[in-house]
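This report concerns only the one structure given below.
The values are calculated or read from the model by the stated rules, or taken from the named source; none is laboratory data. The structure displayed is predicted, hence computed values, not measured ones. Quick reminder, even Gly has a Cβ in these numbers, built from the backbone with ideal geometry, and neighbours come from all protein chains shown.
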Amino acid sequence: MKKMFSLLVLCLVATGVVGFLTLSAATLAPSLEVRVLSVIGALLAGYLMMQPIVNRLASRLA
C-alpha cells in the first residue's frame, strides 16, 4: 500500500511540474499561435523530463 501511495504522489508531482511549465509558457507567449506552440512544447518537454525519473522510481518501488 505504501508503494502505491508513493507512486501516486510521484505522479502528482510530475503532473504539477508539467502543469507549471505549461502555465508559464502560455503566459509568456505574445500571440495565440505562439501560445499554442509553447504549450505543446512545454507538455513534450515536461513529459521527456519527468518520464525517466518516474520509470526509474516506479521500477524501484515495484
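Would you pick out the residues in region 25-57 that are under 30 Å from MET4 (Cα atoms) and exposed (fewer than 12 other Cβ atoms within 10 Å of the Cβ)?
Of everything in region 25-57, those that are under 30 Å from MET4 (Cα atoms) and exposed (fewer than 12 other Cβ atoms within 10 Å of the Cβ) turn out to be LEU48, GLN51, PRO52, ASN55, ARG56.
Identify the residue in region 29-38 that is part of a helix (DSSP H, G or I) and not hydrophobic (A, V, I, L, M, F, W, C) and, among all such residues, is modelled with the highest pLDDT.
The residue in question is GLU33.
Mind telling me which of the residues ALA45, ALA26, ALA14 ends up being in a helix (DSSP H, G or I) and touching a Leu at 6+ places or on another chain (Cβ under 8 Å)?
So the residue among ALA45, ALA26, ALA14 that is in a helix (DSSP H, G or I) and touching a Leu at 6+ places or on another chain (Cβ under 8 Å) is ALA45.
Every residue, every condition in (1) within 17 Å of the chain's Cα centre (by Cα); (2) part of a helix (DSSP H, G or I); (3) among the small types (Gly, Ala, Ser); (4) at pLDDT 85 or above, yes or no:
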position	(1), (2), (3), (4)
MET4	no, yes, no, no
LEU10	yes, yes, no, no
ILE40	yes, yes, no, yes
PRO52	yes, yes, no, yes
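Restricting attention to region 5-23, and to residues there that are over 16 Å from MET49 (Cα atoms) and free of Cβ contacts under 8 Å to residues at least 40 places away in the same chain, which single residue is surrounded by the most Cβ atoms within 10 Å (Cβ to Cβ)?
Result: LEU23.
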